[in-house]
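The values are calculated or read from the model by the stated rules, or taken from the named source; none is laboratory data. As the structure is a computational prediction, the values presented were derived from the model and not from experiment. Methodologically, a virtual Cβ is constructed for each residue, glycine included, from the backbone with ideal geometry; neighbour enumeration extends over all protein chains shown. The protein model used for the area step is the full one, side chains on, heavy atoms only, and it has no ligands, DNA or RNA in it. Shrake-Rupley method; radii C 1.70, N 1.55, O 1.52, S 1.80 Å.
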Amino acid sequence: MASKSEGIQQLLHAEKKASELVNEAKKRKARRLKQAKEEAQAEIEKFKVLREQEFQAKVKESSGSKDDFAIKIKDQTHQKVNEQNRLAAAHKYKVIDRVLSLLYDIKPELHENYRIN
């Protein structure tokens, strides 16, 4: 009988050891899964940061070209205004003489629509 109880004790001891091994394996597996999840999350964050930087670079490039375009339009407008001012100054006296001649040379005459009864 002693050998039976010794055999049972060995079986119980082996079962306990196997249970501990299984629990330890489950813990290791849970740790590995948690670590893999954290690594994946870190990789996702890196990817998001990279994409956000690329997007911001594109936005900056796009808005930079808009600013350049606005400056170009402003310069062209300034050049056209200066050209108009130059032309106005060059023809100012001709226009004044023409207006004054029309004012001074009044020819009284009846309008063509006027009816004489």
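For the condition under 47 Å from the mean Cα position of the chain (by Cα), hydrophobic (A, V, I, L, M, F, W, C) and loosely packed, with under 10 Cβ neighbours inside 10 Å, what is the one hit in Ala30, Ala40, Ala89, Ala70?
Ala89
Is it fair to say Ser19 is at pLDDT below 90 and open to solvent by less than 100 Å² (accessible area, probe 1.4 Å)?
So Ser19 fails the test.
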